[in-house]
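Each value in this text was obtained by applying a stated rule to the coordinates, not by laboratory testing. Model, not experiment: these values are computed from the prediction. FYI the Cβ positions are ideal-geometry reconstructions off the backbone, even for glycines, and counts take in every protein chain you see.
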Amino acid sequence: MTKQRSKDIISVIVPVYNVKNYVSQCIESIINQSYTNLQIILVDDGSTDGSGEICDKYMRTDSRIQVIHKKNGGLTASRRAGMKIATGKYIGFVDADDYIDIDMYGILYSAAERYQTQFVHSGYFEDSKDKIQCTPSKTVHYKNTQKKEQILLELFSLYPDAEIGPALWCNLYERNFIINNYMLVPHSQSYGEDLITMCSCIINADNFISIPDSFYHYRVRGDSISNSVSEKRVLEYYVLYDLLKKILEKNKCTESSITALKRRFHILMLQFLAKQNNYYIPKYKYSNIEELKNKKIILYGCGKVGQDYYHQICKYQYCAIVSWVDQKETHFDYAAIENVDILKEKEYDIILIAVYDESTANDIKRQLISFGISEKKLIWKKAVLILD
């Protein structure tokens, strides 16, 4: 158990809106933290599905929980409402459809106290079919850093394994520091508020740390705000880009940071146009397609990496995909995904493991070897990010 003092409360702010299927898991993952000195602020943003009532139920059973019921105003307004009543030395954020590991705040608190930082940055798990773990590669203490330009380049990149990402929820912030930086987010901002805040935090921080651990589980939902695409979203891209550009210029950041920002939004626009016009634009590619020549291939994994590999290999006439498999049967408009059990009925030369994360790939390898499959037939290489 982490040694705790009364002044070292962590205020955890949870915006809640129509997530009744997920909010209980989220709340329980917070109340069960090994670091118990928490103020848990649940902000019901006008939910109509019973999520608010679930919050009230937990408040009646745990004195650390406070519930705010407010008219629907969006994520930014909900976080602001939570900050107004936050009393902790530190502030953390959790989205109500996600959940966290039991030691998250204990470990982040210990790092913040040890290094006396304005914020601690950590990684997260993307709970998708690829089960991507986005984790910094090493502990880095940024103190009076002259490397802010390089950090901003990382922030604006779209690499899934970038050292510094835009998400607020996998970090822990000194209370006044995050409140002051979050004030730069316009009240009307409905998209990109995390990126705005993290950009400001990096520019204004004198002391922060990035640790090579992941505790936060980000749930990928097709109906979530971050995954929606519309003409309105394009306008939001432009508003966000303009605001970020002004922040960079005001703080006299170099042209390289502005160029990285432009590249990010060019890619987002390209992806939007592809979806609108039914173009398939891959994000990943297999690094050495030539080594697959004349091979009969089992493709393992139907996440984004697997989908991109499928389209890449199908255009290469010198090899053939015998079967595309995953843990469960499913299908796309262009192909069917068979259960992994079908492997014993197939003739093939190699199994190409199409996941981004190396630890996930190693888990798959161990599973397949336990099925009696030769390790020599298993291939995995880090996917190459095309949209760079």
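General remarks:
- Potential extension, residue 116-residue 245 segment - 0.36 nm per residue separation minus Cα distance: 43.4 nm
- Normalised by 2.2 N^0.38 Å, where N counts its residues, the alpha-carbon radius of gyration of the stretch 10-223 equals 0.96.
- In this simple spin-label approximation, residue 233 and residue 256 carry label points 7 Å from Cα along the Cα→Cβ vector, and these lie 3.1 nm apart.
- Cα-centred dipole magnitude for the chain, charges only on beta-carbon of K, R (+1) and D, E (-1), debye, nearest 20: 780
- Of 367, 319, 27, farthest towards positive along the dipole that unit charges on Lys, Arg, Asp, Glu beta carbons give the chain: 27
- A full extension of the chain between residue 63 and residue 281 corresponds to an added length of 73.5 nm, given 0.36 nm per residue minus the alpha carbon distance.
- Max mean-square fluctuation residue, GNM over the chain, Cα-Cα springs under 10 Å, options 214, 188, 370: 370
- Taking each residue as 0.36 nm, the span from residue 179 to residue 149 lengthens on full extension beyond its C-alpha to C-alpha distance by 8.5 nm.
- Among 74-81, 20-27, the peptide with the highest mean count of other Cβ atoms within 10 Å heads the list, and the full ranking is 74-81, 20-27.
- Efficiency of FRET between residue 87 and residue 204 - r from beta-carbon atoms, R0 25 angstrom, step 0.05: 0.65
- Residues 67, 384, 120, sorted so that the one with the fewest Cβ neighbours within 10 Å comes first: 384, 67, 120
- Sorting the Cα pairs of the stretch 284-385 by distance into bins of 5 Å, from 0 upward, gives 2, 13, 26, 28, 21, 8, 1 percent per bin.
- Direction-averaged projected area, Cα convex hull, the chain: 20.8 nm², rounded to one decimal.
- Spin-label model, residue 312 to residue 290: label points 7 Å out along the Cα-to-beta-carbon direction sit 1.5 nm apart.
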